[in-house]
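What follows is one structure encoded as structure tokens, with my remarks underneath.
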Amino acid sequence: MKLKIMTALGLIAAGSASPAWATETFTLEGYGAISRGLGGAAVSLDVGPAGIMSNPATLSLSTDSQDPDSNSQLLIGLDMIAPDVNAYDNITGAKAASRTHSRNRGPYFAPQLAYIRRSGKFTFGVGAFAQGGLGVEYGKNSFLSNGLSGAPTGLDISSRMFAFDIPAAVSVKVNDRLTIGGSIDAVWIGLNLNEQLQADQVGSLIGGGRVSGSLGPVLGGIPGLDAVHFGLTRNSFLLNGVDGWGLGGRFGFTYKLTPSTTIGGAYNFETNVADLKGRATLTAVSTVAGQIPLAGKIRVRDFQMPARLSIGITQRFGPQFLITAEYQRAFWKHAMKNIDVGFEADAGGDINVLLPQNYRNQDIVAIGGAYEMGPMTFRAGGRFASQATPGATLLAIVPGIPKYHASAGMTYKLGKRHAIDFAYSHAFKERVSNDGLPNTSQPISITHSQNNISIGYRLTF
């Protein structure tokens, strides 16, 4: 019954949250305030119920650390993400700032909700977490809204993607040293998108064999074609232009090499989410005929979150102090080769567009330390990630480029059963440039920095 209740609560949380903003490409750098305060490290130590998202095997460590008279723990928390993203025309110096132009955008809020329960050697858990996301709002009046001629179109340039995860997990304490665990996740991805391609971008995509369908020759033959705009957005906190459900999961282990040294590892499977489907408007912008809108059905094919391998070690120096380090490999190369869009007009005709992405696999190193002083535990950490987004395929609406993070956090225990966790992390400004077709007409640069706050309440009972 409790598991059913938690699943229902997770679905409610999903519906009440605005999207999370990516800190490493499309993903958060950690789950829960404990991990976030340690630079995102989580696979080899107890990070509370939020460990269900990083390494389910750590749930046994969490229940082992509880009061002997308790066998359950509840986490309720919230992430707040405040990004600063700007796009620049490298030739003219024009700037497009991503701000809150509508109810679609940030600051962004994402839920943390998890419940774990020990039964003998087993610990069961269920949760609801934002896995990641992205979003920009450049508005309707920046240089990104101009056609190839330089004339403004007045069309919106924006994006919002949100990946939400509902895991069900089990951890097994095999013996005093070894724990193993795994989860099966229901995964939902929602996407709002307003993207404009200038006429030379359209020509480049057609010439590269990246456009198919009956509407391709029609667009190419429009006199004075200046731009083509895809609009698949529902301007609301709760609604998305396209969305889809699927599955994910992970498995992991922890092993105590010595009473004070623990290693851990986990593997997150690439998600298997169905094509994202919804409604859209395709607008051809002509210097001769003006704007020609076509309404229809749209799908974004095979849009997935990547597989991820993590391995870490935690070393304790007495009962109060620990240091943890972790290496991750995110397999973006397989997950993000293209953005594959298919559109079917209500009036007849279709078009399929492949926007190249060609992401690179990402190497990530996290290190953190914690010191316990009475009812308070203080944490600090840092994180470095290699750049997954190639400059040659950079899109202004997909700006997940930060590489360096610093974090700090704390826990305050209110007796044996109550604890408040807090963490702050900063993603330092990163700049990536794209100098050519097809993903940009003019040379552009994107800068991205952000501040994240995570707060959680844990109840042991």
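The values are calculated or read from the model by the stated rules, or taken from the named source; none is laboratory data. As the structure is a prediction and not an experimental result, all values here were calculated from the model. Ideal geometry is used to build each Cβ from the backbone, glycine not excepted, and the neighbour counts take in all protein chains shown.
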Restricting attention to the stretch 276-292, which residues are free of Cβ contacts under 8 Å to residues at least 40 places away in the same chain and either within 30 Å of I184 (Cα to Cα) or in contact with a Leu (Cβ under 7 Å, 6 or more places away or on another chain) (or both)? K277
The correct count of residues that are under 19 Å from G368 (Cα atoms), among the β-branched types (V, I, T) and touching a residue at least 60 places away in the same chain (Cβ under 8 Å) in the stretch 293-342 is 4
Please count how many residues of the stretch 42-66 are farther than 21 Å from T377 by Cα and touching a Gly at 6+ places or on another chain (Cβ under 6 Å). 4
Kindly indicate whether N434 is in contact with a helix residue (DSSP H, G or I) (Cβ under 6 Å, 6 or more places away or on another chain), surrounded by 18 or more Cβ atoms within 10 Å (Cβ to Cβ), at negative phi and not acidic (D, E). yes
If we ask which residues in the stretch 73-100 are over 14 Å from A396 (Cβ atoms), of a type in the set (A, V, I, L, M) and outside any loop (DSSP other than H, G, I, E, B), their number turns out to be 7
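Conditions (1) more than 30 Å from A347 (Cα to Cα); (2) assigned to a strand (DSSP E or B); (3) touching a helix residue (DSSP H, G or I) at 6+ places or on another chain (Cβ under 9 Å), marked per residue:
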{"position": "G265", "(1), (2), (3)": "yes, yes, no"}
{"position": "A280", "(1), (2), (3)": "no, yes, no"}
{"position": "A284", "(1), (2), (3)": "no, yes, yes"}
{"position": "I292", "(1), (2), (3)": "no, yes, no"}
{"position": "A295", "(1), (2), (3)": "no, yes, no"}
{"position": "R299", "(1), (2), (3)": "no, yes, no"}
{"position": "Q304", "(1), (2), (3)": "yes, no, yes"}
Determine whether G278 is touching a strand residue (DSSP E or B) at 6+ places or on another chain (Cβ under 9 Å), at pLDDT below 95 and surrounded by 20 or more Cβ atoms within 10 Å (Cβ to Cβ). no
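Of the residues S441, S433, which is in contact with a Gly (Cβ under 7 Å, 6 or more places away or on another chain), closer than 26 Å to R210 by Cβ and either small (G, A, S) or in contact (Cβ under 8 Å) with a residue 60 or more places away in the chain (or both)?
S433
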Any residue that is charged (D, E, K, R), touching an Asp or Glu at 6+ places or on another chain (Cβ under 9 Å), surrounded by 15 or more Cβ atoms within 10 Å (Cβ to Cβ) and assigned to a strand (DSSP E or B) - is there at least one of those in the stretch 225-248? no
